[in-house]
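Here the structure is laid out as structure tokens; the discussion comes afterwards.
The values are calculated or read from the model by the stated rules, or taken from the named source; none is laboratory data. Treat the numbers as computed from the prediction; the structure is a model and nothing was measured. Glycine gets a Cβ as well: all are built from the backbone with ideal geometry, and neighbour counts include every protein chain shown. Ligands, DNA and RNA are stripped out before the accessible areas are found, and what is left, the full protein with its side chains, is counted by its heavy atoms. Shrake-Rupley method; radii C 1.70, N 1.55, O 1.52, S 1.80 Å.
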Amino acid sequence: FQACTSLETAPELPAETLVMACYHNMFYYCSKLSSVTCRATDISASGCLSGWLEFTAASGTLHVPSSMTSASWGQPDGWTVEAIP
């Protein structure tokens, strides 16, 4: 999806365990993206979220499992993290 400037809502990301660099730059420069739902409960792999939400909308919402709301997702400063069931 990198540089997809018309994408506003990402498709749901169902993977529960992320592997090394799997989402690296996934949404990089998706300038209108403001909503992402990620079901991962293991984001410990090296670089799995590196740059994945860089240069997206200034504000947005990252929806993650309730057990992961305090994790470091690398979301932009203007984004909020909300729990999903």
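Can we say Phe27 is among the aromatic types (Phe, Trp, Tyr) and touching a Cys at 6+ places or on another chain (Cβ under 7 Å)?
It is false that Phe27 is among the aromatic types (Phe, Trp, Tyr) and touching a Cys at 6+ places or on another chain (Cβ under 7 Å).
Which of (1) assigned to a loop (DSSP other than H, G, I, E, B); (2) surrounded by fewer than 15 Cβ atoms within 10 Å (Cβ to Cβ); (3) among the hydroxyl-bearing types (Ser, Thr, Tyr) does Thr80 not meet, given it meets every other one?
Thr80 satisfies every listed condition except (1).
Quick check on segment 59-70. Is at least one of its residues open to solvent by 20 Å² or more (accessible area, probe 1.4 Å), touching a strand residue (DSSP E or B) at 6+ places or on another chain (Cβ under 6 Å), free of Cβ contacts under 8 Å to residues at least 24 places away in the same chain and not charged (D, E, K, R)?
For segment 59-70, residues open to solvent by 20 Å² or more (accessible area, probe 1.4 Å), touching a strand residue (DSSP E or B) at 6+ places or on another chain (Cβ under 6 Å), free of Cβ contacts under 8 Å to residues at least 24 places away in the same chain and not charged (D, E, K, R): present.
Out of all the residues in segment 31-49, is one or more open to solvent by 70 Å² or more (accessible area, probe 1.4 Å), charged (D, E, K, R), part of a loop (DSSP other than H, G, I, E, B) and closer than 15 Å to Leu7 by Cα?
So far as segment 31-49 goes, yes, one or more of its residues are open to solvent by 70 Å² or more (accessible area, probe 1.4 Å), charged (D, E, K, R), part of a loop (DSSP other than H, G, I, E, B) and closer than 15 Å to Leu7 by Cα.
Tell me, yes or no, whether segment 52-63 has at least one residue that is outside any loop (DSSP other than H, G, I, E, B) and more than 11 Å from the chain's Cα centre (by Cα).
no
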